[in-house]
Amino acid sequence: MLENRSARHVFLARHGLADRPSGPGKNADLKAVIDDLGFVQVDSVNTFARAHDLILWSRRQQYRPKALQNLLQRDRQIFEHWTHDAAIIPIDNFGHWRLRFARDQARLSAQWQTARRDDFRSRIDAVLRQISDHGSCTSGDVGADESRGSGGWWDWHPSKTALEYLWRTGQVSVLRRNGFTKVYDLTERVIPAQYLQQRHDPAETINWCCEGALDRLGFATSGELAAFWAIVTPAEARDWCAAALAEGRVIAIDVAGADGTLRRCVAWPDLPDQIHAAPVPRLRILSPFDPALRDRKRAERLFGFHYRIEIFVPATQRKYGYYVFPVLEGDRIIGRIDMKRDAGALVVRAFWPEPGVRLGAGRLQALDQELQRAAVFGGCQDIRLPDDWIKPPSR
């Protein structure tokens, strides 16, 4: 059995949150961070910092967004595509995404034809021809003669839908971003030849996905393995686990949750013998989409931390705030903070400690120090705190 504290140490170590966030945070060092994580989710919300930037800053506090742009645009060490959501992914793994491309082509062709308005499939060849003949484009550059809807996913005009379909199916790739707007070009003009030429049969990719997910999770159910990259199906992950158990490549292990409940998982055979030291007692502000937290159910089981993003909750019904950041200290999630950039300042609305967390002088000092670091990262000149920013423990 893996007791809960040890499980948290394993999990945080595999997610780059056990050591001090030192290092240059650029070039090869930044690429190594992304390799270790497997991917980093991309998100547009920018109340303080975009999710991908905050994820990387939490692990390398010298990181600045320009370094990620360089990896994508200048060095072609990463590419953008889809896992459970839009993500930046090491370029070395591009060949395994061909299974995702094929599956998305079969699924989206029918699904989007029903969900989107008009016939996007009739515009695919025209959009491809436009990019081939005239070069890279954004979604705003296609379908000039088509009526524009609200811009929401449910109301894309046909050529925008066709362009997104071409990206999801691997025929075009993200060349760069202008601000947060994706600029697309033909995949053969974006992806370096050595990666473009990689081919894997489905069985190889399924094995790669399951092994890679287990490496990064430390222990997992078959469902968690399937959900990690969102390439393999739950049935394929179950079959992989059954075969790996039968062959002795993995072991079954009971992992204790924060409430003591045991959950049967698979792990590499040497996991029980590994000694995972406690994470450094560093306080860090995390993105709501941090890899350690994006699986909300797993985070709640391991840390006893319930989190709900409230962006789509009416303001009067929010328990905390529009976009609230979890706060990690060592191996515990100790609370959540509502903060944003506003007119050159880091404005903190509230901090809610978790039940049982005492805010003594040392912890308050550590939180202040992290806010100071966050202000520097966000380009803020000062920090504004209301008198009543410390709230009663969340329930």
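The values are calculated or read from the model by the stated rules, or taken from the named source; none is laboratory data. Note that the coordinates shown come from a computational prediction; the quantities given were computed from them, not determined experimentally. For neighbour counting, all protein chains shown are included, and Cβ atoms are generated from backbone atoms with ideal geometry for every residue, glycine included. Just the protein is used for accessible areas: all its heavy atoms, side chains included, with ligands, DNA and RNA removed. Shrake-Rupley method; radii C 1.70, N 1.55, O 1.52, S 1.80 Å.
General observations
- Boolean, Gly143 is crowded, with 16+ Cβ neighbours inside 10 Å and at positive phi: yes
- Residue in the stretch 23-44 that is surrounded by the fewest Cβ atoms within 10 Å (Cβ to Cβ), counting only those that are modelled with pLDDT of 95 or more and part of a loop (DSSP other than H, G, I, E, B): Pro24
- Checked against (1) of a type outside the set (S, T, N, Q); (2) open to solvent by less than 30 Å² (accessible area, probe 1.4 Å); (3) in a strand (DSSP E or B), Arg176 meets all criteria but (2).
- Residue count for the stretch 55-71 under the criterion of being under 11 Å from the mean Cα position of the chain (by Cα) and either surrounded by fewer than 23 Cβ atoms within 10 Å (Cβ to Cβ) or hydroxyl-bearing (Ser, Thr, Tyr) (or both): the result is 0.
- Exclusive hit being more than 27 Å from the chain's Cα centre (by Cα), within 23 Å of Glu188 (Cβ to Cβ) and open to solvent by less than 30 Å² (accessible area, probe 1.4 Å), set Phe94, Phe79, Phe120, Phe101: Phe120
- Residue tally, condition crowded, with 17+ Cβ neighbours inside 10 Å and farther than 12 Å from Arg8 by Cα, over the stretch 255-281: 6
- Hey, Ala244 open to solvent by less than 50 Å² (accessible area, probe 1.4 Å), of a type in the set (A, V, I, L, M, F, W, C), under 25 Å from the mean Cα position of the chain (by Cα) and at pLDDT 95 or above or not: no
- Any hit, the stretch 40-47, residues being over 24 Å from Gln369 (Cα atoms), among the acidic types (Asp, Glu) and out of contact with any strand residue (DSSP E or B) (no Cβ under 8 Å at 6 or more places or on another chain): no
- Residues in the stretch 271-290 that are outside any loop (DSSP other than H, G, I, E, B) and among the aliphatic types (A, V, I, L, M): Leu271, Leu283, Ile285.
- One residue from Ala193, Ala235, Ala220 being farther than 30 Å from Trp268 by Cβ and either touching a Pro at 6+ places or on another chain (Cβ under 9 Å) or among the small types (Gly, Ala, Ser) (or both): Ala193
- Matching helices (runs of 4 or more DSSP H) fully within the stretch 51-129 where at least 2 residues are of a type in the set (D, E, K, R): 97-115
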